1. Would you mind finding the one in 19, 47, 32 that is open to solvent by less than 90 Å² (accessible area, probe 1.4 Å) and under 17 Å from the mean Cα position of the chain (by Cα)?
2. Has region 22-29 got at least one residue that is closer than 20 Å to residue 3 by Cβ and open to solvent by 100 Å² or more (accessible area, probe 1.4 Å)?
Amino acid sequence: MSRVGMVIGLVIAFIGWILYHLVIKKDLKKNLNNVYVGLFFIGIWVLFYFFIVENF
């Protein structure tokens, strides 16, 4: 359960980072590369998770 909580916490932190740069700093376009890297990272871990759950 702690691993699931950690994943949820990291996703919430990433969403918070996106909202901070979108609403407060208004410079999300300057940080789009970071957004893409973060989404790619989350996507890869989702694929790993489903692969592990389906096979084990």
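1. 32
2. We begin by selecting, within region 22-29, every residue closer than 20 Å to residue 3 by Cβ; these are none.
For region 22-29, residues closer than 20 Å to residue 3 by Cβ and open to solvent by 100 Å² or more (accessible area, probe 1.4 Å): absent.
The values are calculated or read from the model by the stated rules, or taken from the named source; none is laboratory data. These figures come from a predicted structure and were not determined experimentally. Please note: Cβ atoms are built from the backbone with ideal geometry, for glycine as well, and neighbour counts cover all protein chains shown. For the accessible areas, the whole protein counts, side chains as well, though only heavy atoms, and no ligand, DNA or RNA atoms are used. Shrake-Rupley method; radii C 1.70, N 1.55, O 1.52, S 1.80 Å.
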